[in-house]
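The values are calculated or read from the model by the stated rules, or taken from the named source; none is laboratory data. The structure displayed is predicted, hence computed values, not measured ones. Counting neighbours? That spans all protein chains shown, and the Cβs are built from the backbone with ideal geometry, glycine included.
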């Protein structure tokens, strides 16, 4: 039910964007046809007005951004190619030769990824809330999975384009599920350790900032489950060996340039670091807690665990991961993530924040607390949480449905040239879609394909 609900909801959402992911589908075509990453002959003429996203090496045109996320689109391309040929529609290359026809494959593949991730979140919630009665635990786990899928950047970012965040989020959740299972099962469990290691390595292949996940869970294993380290290393080694083998065969080096320090994302932050740190939490254009206020439950959950003296090293590892990632992305030269809707760079910390929120979720679902005053506190907290959920879902619905939510990045001025707009509450991105509907009308804002196919032409701001 979780998988189907999320998949249908995300596929039905009209917005699609294609920025850094412009060539990701064509990387998938190269994989399908020749089992390699060279884009020559597979990136059609309409994409070649610029070398954006391409590394020219030894006569080959290789993807600059991580190639691993494109693996998820290969099965869809194969099925589409068979159907097109069977119905006389030519080949998949013929279809993609038409301008901006790649976006359905981006949205479909990443909607599948987010639906799978929601299932993993459901499994994490069931495992972490094992103390709840079975029926209540199942209902709570479903609600947690759906709020994750529709109340965070999983909806407005991860499924709108074939970039790194959706796959990185999937494997981060799988690694956390391995840790939760390993915590409960003890040192004799092998498959959770294998899952943890393989998933953490896969997350890194999808997005290099996931190296922080490897460090956080590696330290947790060392302190909490040292006997399982060998199995985790085995799982990680298998994935890493495949990843390195592809890199050596295609790029001639262990890691592509995007994974190395010195990439354009890294370097001294433009402006004050403290401003970047604050903006990534509470600015009206990139604030994680502005766009997903429901994630405040992570801090409430951690506070409950500390007050009850129930916190464990996995909680500490998740908190350290969130803080380290926040500092890292805030130190990027373009710390706001270029063109994006909300806190794109901070979307990678949503999985550990969901895990941290679960004690607060359990507290909110207690059936009938003793004492009138305590019942009043719980009732008030439930109302406040419901408001946070509604606001979070509404904000990300705006990003998944309206063109103006994305076009805010370029209208009335390019945010990359005018990052001061990130703090302009009078023209806040978080409400740009609502204002766009009021100005341009529902039909203009919700056109299928969004800005990936139609751009920002004709929209008034």
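Brief remarks follow.
- Of all the criteria given as (1) free of Cβ contacts under 8 Å to residues at least 24 places away in the same chain; (2) surrounded by fewer than 22 Cβ atoms within 10 Å (Cβ to Cβ), the one not satisfied by residue 141 is (2).
- Flag if residue 199 is buried (at least 24 other Cβ atoms within 10 Å of the Cβ), touching a helix residue (DSSP H, G or I) at 6+ places or on another chain (Cβ under 7 Å) and under 22 Å from residue 244 (Cα atoms): yes
- Filter pass, residue 125 being outside the structural domain of residue 79 (by TED's automatic domain parsing), more than 18 Å from the chain's Cα centre (by Cα) and either surrounded by fewer than 24 Cβ atoms within 10 Å (Cβ to Cβ) or at pLDDT below 95 (or both): no
- Residue count, segment 324-368 (criterion: more than 15 Å from the chain's Cα centre (by Cα) and within 18 Å of residue 272 (Cβ to Cβ)): 9
- Test: residue 378 is over 24 Å from residue 333 (Cα atoms) and without any contact (Cβ under 8 Å) to a residue 24 or more places away in the chain: yes
- Residue within segment 100-117 that is within 22 Å of the chain's Cα centre (by Cα) and not in a helix (DSSP H, G or I) present: yes
- Enumeration of residues in segment 398-446 that are surrounded by fewer than 21 Cβ atoms within 10 Å (Cβ to Cβ), outside any helix (DSSP H, G or I) and touching a residue at least 12 places away in the same chain (Cβ under 8 Å): 410, 411, 412, 416, 424, 428, 446
- Per the conditions (1) crowded, with 20+ Cβ neighbours inside 10 Å; (2) part of a loop (DSSP other than H, G, I, E, B); (3) more than 23 Å from the chain's Cα centre (by Cα), the sole criterion not satisfied by residue 30 is (2).
- Selected residue (criterion: surrounded by the most Cβ atoms within 10 Å (Cβ to Cβ)) from residues of segment 63-99 that are free of Cβ contacts under 8 Å to residues at least 12 places away in the same chain and under 26 Å from the mean Cα position of the chain (by Cα): 75
- Which numbered condition residue 238 fails, given (1) in contact (Cβ under 8 Å) with a residue 12 or more places away in the chain; (2) closer than 29 Å to residue 183 by Cβ; (3) under 22 Å from the mean Cα position of the chain (by Cα): (3)
- Residue list for segment 352-377, filter: surrounded by 13 or more Cβ atoms within 10 Å (Cβ to Cβ) and farther than 21 Å from residue 142 by Cβ: 369, 375
- Boolean, residue 395 is surrounded by fewer than 23 Cβ atoms within 10 Å (Cβ to Cβ), over 30 Å from residue 312 (Cβ atoms), in contact with a helix residue (DSSP H, G or I) (Cβ under 6 Å, 6 or more places away or on another chain) and modelled with pLDDT of 95 or more: no
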